[in-house]
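A.B. asks: Right, I'll just put the structure down here and ask away after.
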Amino acid sequence: MSVLIRNGMIVTAAEKFRADLLCIEGRIAAIAPTIPPPAGCEVVDAEDHLVFPGGVDPHVHMELPFMGTVSADDFETGTAAGLAGGTTSIIDFVIPARGENPLNALENWHAKAKKAKADYTFHMAITWWGDETERWMTQCVREEGVTSFKVFLAYRGAIGIDDTELIHVMRTAGQLGAVVLVHAEHGEMIVDLQTELFKAGKIAPKYHALSRPSVVEGEATGRALLIARTTGAVAYVVHMTCREAVQALAQARAAGQKAYGETCPQYLLLDDSVYEKPDFEGAAYVMSPPIRPLGHQEDLWAALSSGTLQIVGTDHCPFNQEQKRMGESDFRKIPNGAAGIEDRLALLWTHGVETGRIDAHQFVELTSTRPAKIFGLHPRKGSITVGADADLVVWNPAATRTISAKTHHHRCDRSIFEGFSVKGAPSVVLSGGRVAVRDGKVLAERGAGRFLARRIS
């Protein structure tokens with residue numbers, strides 16, 4: 001099959017030019033000022049529209065077993081929501097239980113992902129260190145196409161690891177050439193603060209945020225970067241929320257360390273007043289790290305603009321309000337996470353490009369090209385070049401909508417961006433050369449997504 005995108009303004013991380021794009025058998029076959037449509041070709045009119053490479057979200061959790069329940073979006077509904085918003089590839093996390101063989105967990109995740117509507121790949125979480133872990137990590141990289149590993153410095157006693165384990169993971173990853181993603185919070189300090197708050201009868205959602213202050217994120221970020229530097233690993237700090245963490249990353253990068261940082265729309269656009277919402281509605285915003293007080297947001301925007309932060313992901317991990325009520329009498333039991341994959345591009349366009357904080361090239365870099373490069377998917381993903389996958393977003397910069405749980409594609413009864421007005425939306429999304437979304441309707445079929453095996457060169 002073939003699709004011709006006609007007369008669009010193509011925007012990449014480095015260029016902007018008007019051209020036609022011909023997609024044949026799932027790949028970009030030609031880019032030229034004018035391309036005659038082949039016989040039987042579907043034509044997409046992109047007049048007055050921009051054309052971006054499809055979004056790559058490097059941080060999602062589909063149907064994740066967590067805190068006694070399972071995240072609300074599975075691989076079918078989550079990738080459908082992503083496609084609706086212009087994200088055509090995701091990187092999910094295989095998270096073994098402590099003591100579990102990660103290769104067994106990988107097999108389970110492959111089974112769950114078969115129903116995905118968009119392309120996907122995995123990071124592997126290392127939740128414990130044992131005699132076989134180095135061999136398992138090596139097999140992931142060399143045989144399974146999984147070339148990045150995740151560690152949690154929080155969630156001690158469950159999936160979190162200690163510093164000795166972290167050193168082993170970092171050193172092994174460094175030897176393999178793999179990237180280590182770090183959830184950076186001081187786990188023991190959090191447990192102590194949570195215990196003291198609960199003992200004092202403080203059980204509401206707002207105490208989740210107060211038990212995880214920004215200093216515990218800043219300390220853990222600096223510690224993880226130090227261990228990465230001394231072991232030769234490349235660290236990627238996920239969902240950064242605060243100035244202390246940004247300062248630690250900026251200092252490491254200024255010293256020449258190869259390290260990366262990611263933030264998410266919720267940390268750029270919300271502040272901790274959301275936890276004061278009545279009737280337990282503040283629980284919808286419970287995530288880790290938590291949303292920060294006013295002031296931190298501008299530091300994050302400045303870090304994006306300067307290049308200290310390289311990526312905007314989502315940490316998409318939604319739970320319905322009934323699930324959140326598991327922690328109604330104890331904030332420590334509220335499942336951590338919220339939905340965001342559908343709204344990432346529109347929010348960043350509206351509050352980044354439209355406000356002048358970033359330009360359109362940075363927008364593409366942050367949401368597509370840079371994650372594809374860091375995680376070994378480029379130039380297949382994140383680029384508009386002949387031979388690249390035909391994952392493309394025809395973007396209407398004049399479109400407007402209001403975000404609401406009543407209309408989103410997430411399988412979740414709350415939106416943390418409820419009532420936000422956004423400007424800019426996909427009119428057509430191509431995934432693997434097929435029209436996956438048209439005018440807000442998801443057309444992609446269940447199981448259309450492919451696993452993207454990665455290799456370290």
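A.B. asks: Here is a list of conditions, (1) crowded, with 20+ Cβ neighbours inside 10 Å; (2) assigned to a loop (DSSP other than H, G, I, E, B); (3) of a type outside the set (F, W, Y), and G201 meets all of them except one; can you say which number that is?
C.D. replies: The one condition G201 does not meet is (1).
A.B. asks: Within the range 24-47, restricting attention to residues that are outside any strand (DSSP E or B) and within 19 Å of K381 (Cβ to Cβ), which residue is farthest from the chain's Cα centre (by Cα)?
C.D. replies: E25
A.B. asks: Tally the residues that are closer than 30 Å to V286 by Cβ and β-branched (V, I, T), restricting the search to the range 222-272.
C.D. replies: So the count comes out to 6.
A.B. asks: Do the conditions hold for A339, that is, is it in contact with a Cys (Cβ under 7 Å, 6 or more places away or on another chain) and closer than 13 Å to I403 by Cβ?
C.D. replies: When the stated conditions are applied, A339 passes them.
A.B. asks: Give the number of residues within the range 126-154 that are crowded, with 20+ Cβ neighbours inside 10 Å, more than 19 Å from S457 (Cα to Cα) and either in contact with a strand residue (DSSP E or B) (Cβ under 6 Å, 6 or more places away or on another chain) or touching a residue at least 40 places away in the same chain (Cβ under 8 Å) (or both).
C.D. replies: 6
A.B. asks: In the range 193-209, is there at least one residue being farther than 19 Å from K150 by Cβ and under 23 Å from the mean Cα position of the chain (by Cα)?
C.D. replies: Yes, there is a match, as at least one residue in the range 193-209 is farther than 19 Å from K150 by Cβ and under 23 Å from the mean Cα position of the chain (by Cα).
A.B. asks: Can you name the residue in the range 13-60 that is free of Cβ contacts under 8 Å to residues at least 24 places away in the same chain and not charged (D, E, K, R) and, of all such residues, is nearest to T369 (Cα to Cα)?
C.D. replies: F17
A.B. asks: Please go through the range 346-364 and pick out each residue that is more than 30 Å from K206 (Cβ to Cβ) and touching a strand residue (DSSP E or B) at 6+ places or on another chain (Cβ under 9 Å).
C.D. replies: Scanning the range 346-364 gives W349, V353, E354, A360, H361, F363, V364.
A.B. asks: Select from the range 433-447 the residues that are part of a strand (DSSP E or B), in contact with a helix residue (DSSP H, G or I) (Cβ under 6 Å, 6 or more places away or on another chain) and more than 22 Å from I24 (Cβ to Cβ) and list them in ascending order.
C.D. replies: V442
A.B. asks: Residues of the range 307-336 being over 20 Å from the mean Cα position of the chain (by Cα) and either of a type in the set (D, E, K, R) or closer than 25 Å to L181 by Cα (or both), which ones?
C.D. replies: Residues satisfying the conditions are E322, K324, R325, E328, D330, R332, K333, I334.
A.B. asks: Given (1) of a type in the set (S, T, Y); (2) without any contact (Cβ under 8 Å) to a residue 40 or more places away in the chain; (3) closer than 23 Å to R6 by Cβ, where does S431 come up short, assuming only one miss?
C.D. replies: All conditions are met except number (2).
A.B. asks: Do you know which residues across the range 106-125 are in contact with an Asp or Glu (Cβ under 8 Å, 6 or more places away or on another chain), touching a residue at least 24 places away in the same chain (Cβ under 8 Å) and assigned to a helix (DSSP H, G or I)?
C.D. replies: L106, K112, A113 - these are the residues of the range 106-125 that are in contact with an Asp or Glu (Cβ under 8 Å, 6 or more places away or on another chain), touching a residue at least 24 places away in the same chain (Cβ under 8 Å) and assigned to a helix (DSSP H, G or I).
A.B. asks: In this structure, is H208 within 30 Å of S457 (Cβ to Cβ), buried (at least 17 other Cβ atoms within 10 Å of the Cβ), in the same structural domain as A97 (by TED's automatic domain parsing) and modelled with pLDDT of 95 or more?
C.D. replies: So H208 does not fit the description; no.
A.B. asks: Could you tell me whether G145 is in a loop (DSSP other than H, G, I, E, B), over 20 Å from H61 (Cα atoms) and in the same structural domain as M326 (by TED's automatic domain parsing)?
C.D. replies: no
A.B. asks: Could you list all residues from the range 395-432 that are closer than 24 Å to V44 by Cα, assigned to a strand (DSSP E or B) and not hydrophobic (A, V, I, L, M, F, W, C)?
C.D. replies: Across the range 395-432, the qualifying residues are N396, P397, T400, R401, K423, G424, P426, S427, S431.
A.B. asks: Show me the helices (runs of 4 or more DSSP H) found entirely inside the range 252-333 where at least 1 residues are among the hydroxyl-bearing types (S, T, Y) and crowded, with 20+ Cβ neighbours inside 10 Å.
C.D. replies: Once the helices (runs of 4 or more DSSP H) in the range 252-333 are filtered for at least 1 residues that are among the hydroxyl-bearing types (S, T, Y) and crowded, with 20+ Cβ neighbours inside 10 Å, what remains is 265-269.
A.B. asks: Let me ask something else. Write out, first by first residue and then by second, each pair whose Cβ atoms fall under 8 Å of each other, whose residues are 6+ apart or on separate chains, and whose first residue, in the range 61-82, is in the same structural domain as R325 (by TED's automatic domain parsing) and β-branched (V, I, T) while the second is assigned to a strand (DSSP E or B) and modelled with pLDDT of 95 or more.
C.D. replies: Matching pairs, first to second residue: T79/I90; T79/Y120.
The values are calculated or read from the model by the stated rules, or taken from the named source; none is laboratory data. All values derive from a computational prediction rather than experimental measurement. Virtual Cβ from ideal backbone geometry, glycine too; neighbours counted across all protein chains shown.
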